[in-house]
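To start, the structure under review is shown below, and the notes come after it.
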Amino acid sequence: MGVFAILAAINVAGVVGGAFVRQLLRIRWRHWLTNHYMSNWLSHRAYYVLQTRGTSTDNPDQRIQEDTDLFVAQTETLFTGLLDSVLTLFAFSVILWEISGTFVVPGTSIAIPGDMFWAALVYAIVGTWLTHLVGRPLIGINYLMYKVNADFRYSLVRVRENAEGIALYGGERDERATLDDRFAAVVSNWWTYMKRALRVNMLTAAYNQTAVVFPFLITQGRFFAGEIPLGTLMQASNSFGEVQRALSFFVNAYSTLADWRANVDRLTTFTQAIEDVRREEQRSEEHT
């Protein structure tokens, strides 16, 4: 009990300390990133030029406030998940390789050791490819989702800021029509997202469910031949599951990756637009 108390205290300190460090990293990173975008947006009259041009950099307020926050949070989540998968892969690959058998290519004398490890690798590669094939449209859908939600929020703010003028001229009906159109775009985009996400979730669920019985299909011949006991069979199944889970990081995190990619695209296009304005201003200053 004394040893357990010491280990439990270390574990609690690690969990609490890890959460604090992650939160500290997120707020410091977001603070730097937000200041970076605000400074660039307000310099060289970029805020004015982008507004008058009506470029594809819609809703800069959302990009600075919401997209930066989501980018930092999702990057931290994806990085810690990837790190966990890499450590798990290294830890259980050795065990899985040791208890794996040798696969003999039918009709030949070619023997391939570590059959379960290679099976987990091929299984993960096929699952990742299929998930990317089905879920790739989610990137564009998520990108549009941020835009239509920001447009709807902008219309609501516009009504609040122009409340006196709207009330004076009786413009409630026109404003309501605008709000209905903006919200209809939000609902339409959400239905598109639901349909695509349903396909991805179905594929991911089937992929993870099949992975439960996949190692038994590989090792059943050795088990019934008496080459391995039941304990080794269960150990092989557990090790295969951990290796497969580590290799399937992109499959299980694909929805988050698609959302993260949409955020990155919005921030990079915003950065590019600001840089274009800055270069044009510098060229005009040189000519004058």
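The values are calculated or read from the model by the stated rules, or taken from the named source; none is laboratory data. Just so you know, these numbers come straight off a predicted model, no measurement behind them. Note that we place each Cβ from the backbone using ideal geometry, even for glycine, and neighbour counts take in every protein chain shown. The area values use the complete protein model at the heavy-atom level, side chains included, leaving out ligands, DNA and RNA. Shrake-Rupley method; radii C 1.70, N 1.55, O 1.52, S 1.80 Å.
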Normalised contact order of region 140-242, rounded percent, pairs of Cα under 8 Å and 6 or more residues apart: 27 percent
At R0 = 30 Å, FRET efficiency that the Cβ-Cβ distance of Glu175 and Thr34 yields, to 0.05: 0.45
How high is the relative contact order of region 68-188, given as a whole-number percent (alpha carbon pairs under 8 Å, six or more residues apart)? 15 percent
Starting from the 7 Å offset along Cα-to-Cβ, what nm value, one decimal, do you get for the label separation of Arg22 and Thr108? 4.5 nm
Rounded to the nearest 10 Å², the accessible area of His44 using a 1.4 Å probe with every protein chain kept is 70 Å²
Everything considered on the Cα gyration tensor (a ≥ b ≥ c; rounded for a/c under 1.5, else prolate if a/b is larger than b/c, else oblate), region 145-288 must be described as oblate
Might you tell me the accessible area per residue for region 45-165, computed with a 1.4 Å probe and given in Å²? 57 Å²
With all protein chains present, how much of the accessible area of region 166-288 (probe radius 1.4 Å) comes from carbon and sulfur, to the nearest whole percent? 58 percent
In debye, nearest 20: dipole of the chain around its Cα centre with unit charges on the Cβ of K, R (+) and D, E (-)? 280 debye
Phi to ³J(HN,Hα) by Karplus 6.51 cos²θ - 1.76 cosθ + 1.60 over region 238-248, Hz, x for Gly, Pro: 5, 5, 4, x, 5, 5, 5, 5, 5, 6, 9
Positive end of the dipole of region 178-288, charges at C-beta (+1 Lys, Arg; -1 Asp, Glu), about the Cα centre: which of Asn201, Trp191, Ala236 has its Cα farthest in that direction? Ala236
Let's test the formula: R0 of 22 Å, r as the Cβ-Cβ distance of Ala163 and Tyr48. What FRET efficiency results, to the nearest 0.05? 0.30
For region 220-275 and region 153-176, what is the separation of their C-alpha centers, rounded to whole Å? 49 Å
Leading residue at positive end of dipole, the chain (Cβ point charges), from Leu156, Phe71, Ile125: Ile125
If you stretched the chain out fully between Asp84 and Ala9, how much longer would it get, using 0.36 nm times the residue separation minus the C-alpha to C-alpha distance? 24.8 nm
